[in-house]
Structures are given as structure tokens and as C-alpha cells.
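Notes to accompany the following structure.
Laboratory data are not the source of any read-out in this text; all were calculated from the coordinates shown. All values derive from a computational prediction rather than experimental measurement. Here the Cβ positions follow ideal geometry from the backbone for every residue, glycine too, while neighbour counts run over all protein chains shown.
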Amino acid sequence: MNDDLIKSALSTWLTLNDEPKLTLWDKIRGRKEIEIWLPTATLRLFEVLRDYVPRGEILLADFDYLPSTVPGINGPIVQRRDGKGGYLEYDTVTVEAGSCDIFFPTDFELLKAMYFEVSRLEALNI
């Protein structure tokens with residue numbers, strides 16, 4: 001995956017959404033920026049599909065909303081079972097590999113735009 005596609009994904013997200021702004025609460029807590037979680041693994045999948053299934057179509061189904069435990073727009077839930085029938089939640093994705101489940105909400109409008117953008121860039125030989 002090249003940086004141009006990631007920049008394109010961010011640009012696509014910004015055309016579909018208002019530019020994020022820090023809330024008063026964010027400022028009080030000392031936050032200086034807002035994280036935007038982009039689906040780069042899905043972007044990589046779109047590249048593979050473009051290369052190996054040209055002119056293909058895709059049907060996706062997933063959660064379009066999840067209550068985030070990690071700060072940021074489209075932030076994931078990071079959790080693991082506590083052994084008592086419940087879950088322990090984490091506010092970071094930097095947990096020991098394999099120790100937690102990480103679930104991201106899916107922004108279907110963004111995925112649609114990204115899929116068309118990946119296809120368009122290939123058509124233009126970029």
C-alpha cells in the first residue's frame with residue numbers, strides 16, 4: 001500500500017465528513033488533536049481485489065456503529081473476556097498481540113468511496 005492511497009483515503013473521508021474539531025472537554029483534558037481511524041486493511045483488500053479481480057463487485061456487511069473504547073473518530077472497541085462472563089475494555093490498541101479482540105465500526109460510505117477511488121487510480125495508471 002502506498003502513501004498516496006492512504007492520503008486519498010483521508011481526503012475521501014474529509015469530503016464525506018465535516019472536519020473534526022476539538023470539543024471544550026477535549027481541550028480541558030489536554031488533547032491537541034483528534035485521531036481518525038481509517039480502514040487501511042480494507043484499503044489493502046481493495047487493492048488486491050483490483051489487481052486480481054478487475055471489474056469485480058463486492059458486497060460487505062458489518063457493524064456500522066460500535067461504542068468505542070479508544071479515542072478518535074471510528075475508534076475501535078478493544079476488549080477481552082474477564083473469565084467471569086464479562087469483558088475488560090481497554091482505551092488503547094497497543095495491547096499484547098492475541099490478548100484482546102479489536103472491533104472497528106464500518107463507515108460504508110467511506111468504503112464505497114475508497115473502492116471507487118482505488119479502481120479509478122488503477123484506470124488512470126497511477
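One table, with the values for the structure above:
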quantity: Diffusion coefficient, µm² s⁻¹, Stokes-Einstein with Kirkwood Rh over alpha-carbon pairs of segment 3-123 at 10 °C and 1.306 mPa s; calculated: 97 µm²/s
quantity: Relative contact order of segment 36-102, defined on C-alpha pairs under 8 angstrom at six or more residues apart (%); calculated: 25 percent
quantity: In the chain, lysine pairs closer than 22 Å at Cα, eight or more apart or cross-chain; calculated: 4
quantity: Relative packing of peptides 107-115, 49-57, 77-85 - highest average C-beta neighbours within 10 Å first; calculated: 107-115, 77-85, 49-57
quantity: Environment charge of C100, counting only residues whose C-beta is closer than 13 Å and scoring Lys/Arg +1, Asp/Glu -1; calculated: -3
quantity: Long-range amide H partners of Y87 with built H, under 5 Å; calculated: D82
quantity: Gain on full stretching of the segment that runs from T92 to L14 - 0.36 nm per residue minus C-alpha separation; calculated: 25.7 nm
quantity: Computed helical MRE - 222 nm, the chain, DSSP H runs ≥ 4 contributing -39500 (n - 2.57), nearest 500; calculated: -12000 deg cm²/dmol
quantity: For the chain, size of Cβ-based charge dipole, Lys and Arg +1, Asp and Glu -1, in debye; calculated: 220 debye
